[in-house]
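Peer 1: Below are the structure tokens for one structure; questions will follow.
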Amino acid sequence: MKFDPFAMERWQSTYEHAVRFNLSESGVEPLTLGELVELVGMDPAELSDTLIEYIPSDGSPGLRSAIAAMYPDATSNNVLVTNGGAEANFVTSWVLCEPGDQLVYLAPNYMQFPGMAVNLGCTAQPLPLREATGWQPDLDELSSLVTDATKLILVTNPNNPTGAILSAAAMQRIVEVADSVGAWIIADEIYRGAELDGIETPTFWGRYDKVVVTSGMSKAFGLPGLRVGWTIVPENLREQLWARKDYTTIAPGSLSDVLSTHALQPTARQRIHTRTRGILNANLPILEDWLRERDDIFTWKQPQAGAIVYARYDLPVGGLQLAETMRTEADCLIVPGDHFDMPNYVRLGFGPKPERLREALARCADVLDSLCVKA
Ligand SMILES: Cc1ncc(COP(=O)(O)O)c(C=O)c1O
């Protein structure tokens, strides 16, 4: 079987705990267990009483119904709990991608699903999103790319790495185009709830019968270490995804299931999202001021969601080399645009605590200055 490694995740796994400053992460500073317990108003005794056992392998009934409540007309029978959004994407690709199928994906994108599709013998065709149009898709181009051979259309909304949110017209057109050829829409909505303006991104769920939504606790909730994700799917497809999960991780962790169930209750969810949005709105100006001071090097569109800015740069150095120089000389991890097939871009995270972010950016500034002198 062909195997293309997932370049960005490998880069992050290798270095994120080895550097002093991590600006490679796309979510906000994670919560501690103590902060979470307090924020959701949980009795700590409940945690000590939780059996560290195998729980229902598709997620506890309480967690599944809390997740279903976030999607119009969904029930627990549409929900499969997974280990992170990553497993949600993985089992979905494993069921839906067959050799010879074509996937069309809005690019740039989180490259897990396209990578898996290719590894499973599919072709993956990018629909380029452009900075000049605020990273919105050209809808005519979408229509011309999608053919009878197209089995799947992948969107990440809000987008990683651009932080842009699809317009209502674009969502509608994507549904129409998918419907015209009977393609599945895979909507990775893991940044939903992390909007800077506080207006929740509409979901694709309920707009068309062949929609799979994947999501999880890692980004908008700031709880990546829980490793809880989910898929929202038509019931018959849920059975097929669940059967694959017997081969991957069996069940979610029992402690993570309990904590996620609390975090997803309406009041708790609102508190957590308020925290996330507070961090995003406090930190984005720090990064944008820094970029503005270097507007001879960087151009970017302000993100609408997520703790990431996708910036184009003008320097005589490739993205991989720039990121490697930042890592070795500034002790700071950033994501090179090469990991999104766009070498002259970098993805900069602004989720850390403000003082860390400022310190990291000051270090990066020194490295940039020396690169400019050399150039
Ligand atoms: C769009 C997208 N989907 C899925 C994931 C994986 O999420 P998780 O950490 O919940 O597995 C990420 C992580 O960066 C992501 O950006």
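The values are calculated or read from the model by the stated rules, or taken from the named source; none is laboratory data. Predicted model only: the values in this text are computed from it and were never measured. Methodologically, a virtual Cβ is constructed for each residue, glycine included, from the backbone with ideal geometry; neighbour enumeration extends over all protein chains shown.
Peer 1: Got at least one residue in region 43-52 being of a type outside the set (Ser, Thr, Tyr), surrounded by 11 or more Cβ atoms within 10 Å (Cβ to Cβ) and assigned to a loop (DSSP other than H, G, I, E, B)? Give the steps one after another, and end with the answer.
Peer 2: Keep residues of region 43-52 that are of a type outside the set (Ser, Thr, Tyr), which gives 43-47, 49, 51-52.
If we keep only those that are surrounded by 11 or more Cβ atoms within 10 Å (Cβ to Cβ) as well, we get 44, 46-47.
Those still in the list that are assigned to a loop (DSSP other than H, G, I, E, B) too: none.
No.
Peer 1: For region 73-132, give me each residue that is free of Cβ contacts under 8 Å to residues at least 60 places away in the same chain, more than 18 Å from Phe3 (Cβ to Cβ) and of a type in the set (S, T, N, Q).
Peer 2: Thr75, Ser76, Gln102, Gln125
Peer 1: Which one of Ile67, Ile55 is hydrophobic (A, V, I, L, M, F, W, C), in a loop (DSSP other than H, G, I, E, B) and not assigned by TED's automatic domain parsing to the domain that holds Thr328?
Peer 2: Working: Ile67 fails: in a loop (DSSP other than H, G, I, E, B).
Being hydrophobic (A, V, I, L, M, F, W, C), in a loop (DSSP other than H, G, I, E, B) and not assigned by TED's automatic domain parsing to the domain that holds Thr328 holds for just one of Ile67, Ile55, which is Ile55.
Peer 1: What residue, among those in region 239-263 that are surrounded by fewer than 20 Cβ atoms within 10 Å (Cβ to Cβ) and of a type in the set (D, E, K, R), is nearest to Met42 (Cα to Cα)?
Peer 2: Filtering first and then ranking leaves Asp246.
Peer 1: If you don't mind, there's one more thing I want to ask. How many residues does region 221-242 hold that are out of contact with any Pro (no Cβ under 9 Å at 6 or more places or on another chain), more than 10 Å from the ligand (Cβ to nearest atom) and in contact (Cβ under 8 Å) with a residue 24 or more places away in the chain?
Peer 2: 10
Peer 1: Restricting to region 189-209, name every residue that is over 16 Å from Thr75 (Cα atoms), surrounded by 19 or more Cβ atoms within 10 Å (Cβ to Cβ) and of a type outside the set (A, V, I, L, M, F, W, C).
Peer 2: Within region 189-209, Glu189, Tyr191, Arg192, Gly193, Glu195, Thr201 qualify.
Peer 1: Would a scan of region 282-302 turn up a residue that is touching a Phe, Trp or Tyr at 6+ places or on another chain (Cβ under 8 Å), among the polar types (S, T, N, Q), closer than 26 Å to Leu129 by Cα and surrounded by 15 or more Cβ atoms within 10 Å (Cβ to Cβ)?
Peer 2: Yes, region 282-302 has at least one match.
Peer 1: Say we look at region 64-97 and pick out the residues that are in contact with a Pro (Cβ under 8 Å, 6 or more places away or on another chain) and within 16 Å of the ligand (Cβ to nearest atom); which of these is nearest to Asn157 (Cα to Cα)?
Peer 2: Per the stated criteria, the residue is Gly84.
Peer 1: Quick one: which helices (runs of 4 or more DSSP H) sit completely within region 98-196 and have at least 1 residues that are hydroxyl-bearing (Ser, Thr, Tyr) and away from the ligand (no atom under 16 Å from the Cβ)? Write out each step before concluding.
Peer 2: Working: elements: 112-119, 139-145, 168-181.
In region 98-196, 139-145, 168-181 are the helices (runs of 4 or more DSSP H) which contain 1 or more residues that are hydroxyl-bearing (Ser, Thr, Tyr) and away from the ligand (no atom under 16 Å from the Cβ).
Peer 1: Mind listing whichever residues of region 303-320 are more than 25 Å from Pro224 (Cα to Cα) and surrounded by 14 or more Cβ atoms within 10 Å (Cβ to Cβ)?
Peer 2: Step one: of region 303-320, the residues more than 25 Å from Pro224 (Cα to Cα) are 312-320.
Arg312, Tyr313, Leu315, Val317, Gly318, Gly319, Leu320 - these are the residues of region 303-320 that are more than 25 Å from Pro224 (Cα to Cα) and surrounded by 14 or more Cβ atoms within 10 Å (Cβ to Cβ).
Peer 1: For Val37, all conditions in the list (1) under 21 Å from Asp188 (Cα atoms); (2) in contact with a Leu (Cβ under 9 Å, 6 or more places away or on another chain); (3) part of a helix (DSSP H, G or I) hold save one; what is the number of the exception?
Peer 2: Answer for Val37: the failing condition is (1).
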